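Colleague: Here it is, the structure, as structure tokens.
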Amino acid sequence: MSVGPGREPTGVAPLRVAVVIERFSPSAGGNERSTSEIVQRLAERGHQVTVVCSEGEPSAVPEGVELLSHGRGKPRSSLQLWAFRRWAIERLAAGGFEVSMSVTMAVPATVLQPRGGSVRETIERNIAMRKPGFAQARKRLAVRLNPKQQTLLALEKKTLADPAVQSVAAVSRYVARQFEQHYGLSDDQIVVIPNGAACPAMTGEQKAAARRDLRKALHIPDHATLFVFAAQNPGLKGFGPLIGALKRLRQQGQETVVLLAGQYRYTHHAWIAEMGVREQVRMIGPTRDMPTLYAAADVTVLPTFYDPASKVVLESLMLGTPAISTGYNGASDFIAPENGPRRGRVVADPADEAGLAAAMAELCDPEARAGCVAAMGDVAEQVSMQTHVDALERLLDRVALRA
């Protein structure tokens with residue numbers, strides 16, 4: 001397993017590149033937005049890029065990029081997945097591309113970039129977030145009886161065995177380990193190209209203003225430690241353990257407040273009230289202004305049960321805000337580098353409320369946070385989308401030459 005190179009002029013000649021994704025809709029966010037950013041940057045570098053998808057937004061296609069859409073909508077059933085796979089393989093074969101990249105494990109390409117990690121690991125972690133015993137057993141049985149889930153697993157295995165696949169570009173060491181452990185891929189089949197993010201830079205004055213204004217608007221005492229948690233799927237990203245840890249901190253006398261950004265339902269509000277931490281929580285809801293929240297907060301916390309390489313954590317570090325996450329988040333590589341001081345804290349087990357509370361309590365100390373900030377160094381450069389595409393471009397070039 002090799003790690004993709006850092007940022008330097010790549011000197012790669014223009015390539016005819018196909019990028020395969022089930023749905024090309026950047027407005028949906030997540031992996032679709034990231035794929036759109038990669039496609040746009042490759043096109044800006046002079047590559048001839050074609051997006052091959054089942055469903056696409058023509059108005060969202062970057063200038064100079066061709067869109068080939070199956071026109072059947074996002075695959076939602078086993079039959080639709082198989083149909084899209086067959087159609088996409090035909091398009092790749094007929095397109096005269098020098099290299100192809102698939103971000104879906106349903107379709108083989110010369111380079112696979114499974115931005116969501118492996119299907120097997122995703123399923124295992126969704127089971128792990130349930131309570132041990134009956135709840136986990138019920139979820140495991142539901143997966144076995146779910147035709148689409150079983151199709152996704154079958155397609156992943158079939159795609160990895162396809163002779164067309166030359167390399168797997170993992171967005172973190174965690175994702176690389178998934179393919180090593182679940183499928184026995186060797187080191188030379190996997191290249192780690194750390195995930196990239198884009199976040200506007202902010203001056204010290206802008207950060208201070210964001211902190212001052214937000215605390216005033218939300219009635220947060222200046223001496224309270226402010227954490228921010230952002231998730232579209234709060235359960236998977238650790239909402240339950242976070243609220244449990246927050247209760248422990250309140251009982252310990254720590255003055256803390258958590259901002260909750262994202263999608264929340266009545267059950268989330270009810271759980272906050274039941275745990276007795278309503279006064280320690282501020283609900284932000286969906287927002288497009290996460291940089292302001294990172295800048296205003298003392299710490300970003302994401303005790304996720306599963307994330308291949310969270311952009312929430314990467315964006316927070318880019319703005320110099322320490323982060324707390326778990327061993328099941330690929331972005332934790334940058335919180336606790338193998339060589340170098342920590343930029344936050346990593347909790348091994350997402351379900352460990354006591355461990356999470358201890359990590360949060362440590363970063364309630366201004367001196368501990370200052371140490372994390374001092375360790376940031378050039379992390380913003382390391383996790384930029386520019387650096388990510390530099391390394392990805394080199395890999396595409398190597399694979400094209402090899403072919």
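Colleague: 5 Å is the cut-off here: which amide hydrogens, built 1.01 Å from N in the peptide plane, fall below it relative to ALA170, excluding neighbours closer than 5 in sequence?
Modeller: VAL191, VAL192, ILE193
Colleague: Dipole magnitude of segment 204-382 about its Cα centre, charges +1 at Lys/Arg Cβ and -1 at Asp/Glu Cβ only, in debye to the nearest 20?
Modeller: Details: 18 positive and 20 negative charges, 114 e Å.
In debye, rounded to 20, segment 204-382 gives about 540.
Colleague: Which whole-number percent is the relative contact order of segment 312-362 (Cα, under 8 Å, 6+ apart)?
Modeller: 32 percent
Colleague: So, one more: Going highest first, how would you order 320-331, 191-202, 131-142, 338-349 by mean Cβ packing within 10 Å? Write out the running numbers ahead of the final one.
Modeller: Working: 320-331: 25.9, 191-202: 19.6, 131-142: 11.5, 338-349: 16.5.
In decreasing order of mean packing, 320-331, 191-202, 131-142, 338-349 become 320-331, 191-202, 338-349, 131-142.
Colleague: Now for a different question. Against the 2.2 N^0.38 Å scaling, with N counting residues, where does segment 204-382 land? I'd like the Cα-based Rg ratio to two decimal places. Don't skip to the answer; put the middle values down first.
Modeller: Working: Rg = 14.7 Å, N = 179, 2.2 N^0.38 = 15.8 Å.
The value comes to 0.93.
Colleague: Roughly speaking, what % of Cα-Cα pairs in segment 56-108 are separated by over 18 Å, rounded to a whole number? List each step's numbers first, then the result.
Modeller: Values: 517 of 1378 pairs.
Within segment 56-108, distances greater than 18 Å cover 38 percent of Cα pairs.
Colleague: Could I ask something else about it? Have a look at TYR183, LEU395, LEU153 and report the one farthest towards the positive end of the charge dipole of the chain, computed about the Cα centre with Cβ charges (Lys/Arg +1, Asp/Glu -1).
Modeller: So the residue we want is LEU153.
Colleague: Let me ask something else. Give me the tail of P(r) for segment 259-361 as a percent: Cα-Cα pairs with distance above 15 Å. Walk me through the intermediate numbers first.
Modeller: Details: 3416 of 5253 pairs.
For segment 259-361, the share of Cα pairs beyond 15 Å comes to 65 percent.
Colleague: When the Kirkwood radius is taken over all Cα pairs of segment 352-396, what Stokes-Einstein diffusion coefficient follows at 25 °C and 0.890 mPa s, in µm²/s?
Modeller: 187 µm²/s
Colleague: Something else now. For segment 140-262, take every pair of Cα atoms, bin their distances at 10 Å starting from 0, and report each bin as a whole percent.
Modeller: Reading the bins upward from 0: 9, 22, 26, 20, 17, 5.
Colleague: How far, in nm, would the chain grow between ALA164 and ARG45 when pulled straight, counting 0.36 nm per residue and subtracting the alpha carbon separation?
Modeller: The span from ALA164 to ARG45 would gain 40.3 nm if fully extended.
Colleague: Can you list residues whose amide H is under 5 Å from ARG345's amide H, if they're 5+ apart or on another chain and H is modeled 1.01 Å from N?
Modeller: It is ALA323, ILE324, SER325, by chain and number.
Colleague: For segment 11-20, just list the computed ³J(HN,Hα) in residue order, Karplus coefficients 6.51, -1.76 and 1.60, θ = phi - 60°, integers in Hz, with x standing in for Gly and Pro.
Modeller: Going residue by residue, I get x, 8, 5, x, 10, 8, 10, 10, 10, 9 Hz, with x marking Gly and Pro.
Colleague: Still on this structure: When the Karplus curve 6.51 cos²θ - 1.76 cosθ + 1.60 is applied with θ = phi - 60°, which whole-Hz ³J(HN,Hα) does each residue of segment 337-343 get, with x for Gly and Pro?
Modeller: x, 4, 10, x, x, 7, 9
Colleague: Order the peptides 306-318, 164-176, 148-160 from the highest to the lowest mean number of other Cβ atoms within 10 Å of their residues.
Modeller: By packing density, highest mean first, the sequence is 306-318, 164-176, 148-160.
Colleague: Right, something else. Could you sort the peptides 61-68, 388-395 by per-residue average Cβ neighbour count (10 Å cutoff), highest mean leading?
Modeller: 388-395, 61-68
Colleague: Straight-line reach from LYS207: which lysines have a Cα under 29 Å away, not including same-chain ones fewer than 8 places off?
Modeller: Within reach: LYS216, LYS237, LYS247, LYS311.
Colleague: Determine how many Å³ per residue the convex hull of the Cα atoms of segment 23-123 encloses.
Modeller: 102 Å³
Colleague: Which one, PRO350, GLY244, MET283, projects farthest toward the positive side of the charge dipole computed for segment 204-382 from Cβ point charges (K/R +1, D/E -1)?
Modeller: Checked the options; the winner is MET283.
Colleague: In debye, nearest 20, what is the charge dipole magnitude of the chain about its Cα centre with +1 on Lys and Arg Cβ and -1 on Asp and Glu Cβ, if you could check? Working shown, then result.
Modeller: Working: 47 positive and 41 negative charges, 298 e Å.
Once rounded to the nearest 20, the dipole reads 1440 debye.
Colleague: Would you grab the residues whose amide H sits under 5 Å from the one on SER100? Only those 5+ places off in sequence or on another chain, please, with H modelled 1.01 Å from N.
Modeller: Long-range HN contacts for SER100: ALA18, THR110, VAL111.
Colleague: Additional query: Most fluctuating residue of GLY56, GLY46, GLY235 in a GNM of the chain with Cα springs under 10 Å: which is it?
Modeller: Among GLY56, GLY46, GLY235, the largest GNM mean-square fluctuation belongs to GLY46.
Colleague: List the trypsin sites (Lys or Arg not before Pro) within segment 213-298 that fall in a DSSP loop (any state other than H, G, I, E or B) and whose Cβ has at most 14 other Cβ atoms within 10 Å.
Modeller: When the trypsin sites (Lys or Arg not before Pro) of segment 213-298 are filtered for loop state and at most 14 Cβ neighbours within 10 Å, ARG265, ARG288 remain.
Colleague: Using a 10 Å cut-off around each Cβ, can you sort MET275, MET283 from fewest to most neighbouring Cβ atoms?
Modeller: Ranked by crowding around the Cβ, least crowded first: MET283, MET275.
Colleague: Grab the alpha carbons of segment 326-403, take their convex hull, and tell me the volume per residue in Å³. Walk me through the intermediate numbers first.
Modeller: Working: hull volume 8.9 nm³, N = 78.
Roughly 114 Å³ of hull volume per residue.
Laboratory data are not the source of any read-out in this text; all were calculated from the coordinates shown. These numbers were taken from a predicted model, which means no experiment stands behind them. Neighbour counts run over all protein chains shown; Cβ positions are idealised from the backbone, glycine included.
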